[in-house]
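Engineer: To start, I am sharing the structure in question, which I have written as C-alpha cells.
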Amino acid sequence: MNLKEAKVLITGASSGIGLQTAKMLLAQGAKVAICARNADKLHQVAKEIGAFGITADVSNEDDVKHMINAIIKEFGGFNVLINNAAFGHFAPLVEVSTEKFNELLATNITGAMMVGRESAKHFIENSYGNIVNISSTAGNAGFASGTAYVATKFALKGMTECWRAELRKHNIRVMLVNPSEVQTNFLPNSGREARPENETKLDAEEIAHVILAMLEMRDRGFITEATIFATNPQ
C-alpha cells in the first residue's frame, strides 16, 4: 500500500514498538491514531509526534468500541490496525498467579480479539484493510517461567491464522510480527529488572522497520509472518 494513504490505529503506542512505528508512519505521510491506558502520557506523546490520541484500555469492550468509532470519525475511516497492546509476566508454573494469568489473557488475547473484531467489521464494509498483530518469538517456542506470556502469544498466532483464512476474500491482509528481545520498557513493566542499553541488541526501530516494509508491499501480495532476531547479540 501507499503509506501516504494509510490511516492507522496502533494500540499500546505511548512507548516502545508502538510509538516508534507511529513516528515512522507519520514521517511517511500516514495518518496515525495511537491508544494507551494512561491518558496523560498518551496525549503528551500524541501532541509531541502529531498523532491523534485515544485513551482506551483494550481489555474493556466499551473502550474498544469507542476507540474504533473515534478513529472512523476523526479520519473518515481507517485501513490499518497494528494490534500491539500487550504486557508480560514471568514466573515458574508453581508460582503463577491466577489473577495475573487472567490479566494477561484479558489484554493480550481478549483485547487483541476485540480490537481485531471491531476493525474487521469496518474493513469488510470497505472491502479493504490491513491487520498487523505484534506477537513474539515466545509465540513460537516456550521457555521456563513463560507460562502466562507464552500462552498468550501462541494464542495470538492461532487467532491470526484464523483471521487470515476468513478475511482474505475481503481484500484484508492479516500479518504477524514476531520480535525477539527488544530493548523497551517491556522488562521493567513485567516486573523484571531493566538491563543496560546494548548496541548489539534490537531496538524498537528494527521492529517498526519490518512493520512498514510489510505494509508497503503492493496490495496484491502480503507477508504472512516475519520474525526478527538480533544479528549477533553480545
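Engineer: List, in order, the whole-Hz ³J(HN,Hα) value for each residue of segment 219-227 obtained from phi through the Karplus relation with A = 6.51, B = -1.76, C = 1.60 and θ = phi - 60°; use x for Gly and Pro.
Structural biologist: 4, 5, x, 7, 8, 5, 7, 9, 10
Engineer: Take the alpha-carbon centre of segment 18-48, take the same for segment 144-183, and report the distance between them in whole Å.
Structural biologist: First find each Cα centre; the distance between them is then 23 Å.
Engineer: Another question, then. Counting only other residues whose beta carbon sits under 11 Å from that of Ser180, what net charge do I get with K and R as +1, D and E as -1?
Structural biologist: Details: positive: Lys201; negative: Glu181, Glu206.
Here the count lands on -1.
Engineer: I've got another one for you. Net charge near Glu61, counting Lys/Arg +1 and Asp/Glu -1 over other residues with Cβ under 11 Å of its Cβ? Please report the intermediate quantities before stating the final value.
Structural biologist: Working: positive: Lys65, Arg117; negative: Asp57, Asp62, Asp63, Glu118.
Surrounding charge for Glu61 is -2.
Engineer: Another question, then. Dividing the Cα radius of gyration by the Kirkwood radius, what Rg/Rh value follows for segment 168-209? Mind dumping the intermediate values first?
Structural biologist: Numbers: Rg = 14.8 Å, Rh = 12.6 Å.
Rg divided by Rh gives 1.17.
Engineer: Quote the FRET efficiency, to the nearest 0.05, computed for Lys169 versus Phe229 with a Förster distance R0 of 30 Å and r equal to the Cβ-Cβ distance. Intermediate results must be reported in sequence, preceding the final value.
Structural biologist: Values: r = 33 Å, r/R0 = 1.11.
FRET efficiency, Lys169 to Phe229: 0.35.
Engineer: Let me ask another. Running a GNM on the chain with Cα contacts under 10 Å, which residue among Asn130, Asn79, Asn189 ends up with the highest mean-square fluctuation?
Structural biologist: Of the options given, Asn189 has the highest mean-square fluctuation.
Engineer: What fraction of the Cα pairs in segment 1-105, stated in percent, has a spacing above 23 angstrom? Numbers along the way, then the final one.
Structural biologist: On the way: 1628 of 5460 pairs.
Across segment 1-105, Cα pairs with separations above 23 Å total 30 percent.
Engineer: If you put +1 on each Lys and Arg Cβ and -1 on each Asp and Glu Cβ, how big is the dipole of the chain around its Cα centre, in Debye rounded to 20?
Structural biologist: On the way: 23 positive and 25 negative charges, 131 e Å.
With Lys and Arg at +1 and Asp and Glu at -1, about 620 debye.
Engineer: Please give the per residue volume of the convex hull enclosing the alpha carbon atoms of segment 93-217, rounded to a whole number of Å³. Could you put the intermediate results ahead of the total?
Structural biologist: Values: hull volume 14.7 nm³, N = 125.
Hull volume normalised by residue count: 118 Å³.
Engineer: A follow-up question, please. So what is the relative contact order of segment 3-228, in percent, for Cα pairs below 8 Å that sit 6 or more residues apart? Write out the running numbers ahead of the final one.
Structural biologist: Details: 418 pairs, mean separation 46.6, N = 226.
RCO, segment 3-228: 21 percent.
Engineer: Same structure, new question: Over all pairs of distinct alpha carbons, what does the Kirkwood formula give as the hydrodynamic radius of segment 3-228, in Å? Don't skip to the end; give the middle numbers.
Structural biologist: On the way: mean 1/r = 0.0571 Å⁻¹.
Hydrodynamic radius (Kirkwood, Cα only) of segment 3-228 equals 17.5 Å.
Engineer: Work out the charge dipole of segment 3-228 with +1 on the Cβ of Lys and Arg and -1 on the Cβ of Asp and Glu about the Cα centre, then indicate which of Pro92, Val174, Ala51 is farthest towards its positive end.
Structural biologist: Looking along the dipole axis, the top candidate is Val174.
Engineer: Applying the Karplus parametrisation 6.51 cos²θ - 1.76 cosθ + 1.60 with θ = phi - 60° to the phi angles of segment 171-178, what ³J(HN,Hα) value in whole Hz is obtained for each residue in order, glycine and proline being reported as x?
Structural biologist: Values per residue, Gly and Pro as x: 6, 10, 8, 10, 10, 10, 10, 10 Hz.
Readers should treat all values here as calculations from the given coordinates under stated rules, not as data from a laboratory. Keep in mind it's a predicted model, so treat the numbers as computed, not measured. Positions of Cβ are generated from backbone atoms using ideal geometry, with glycine treated the same way; all protein chains shown enter the neighbour counts.
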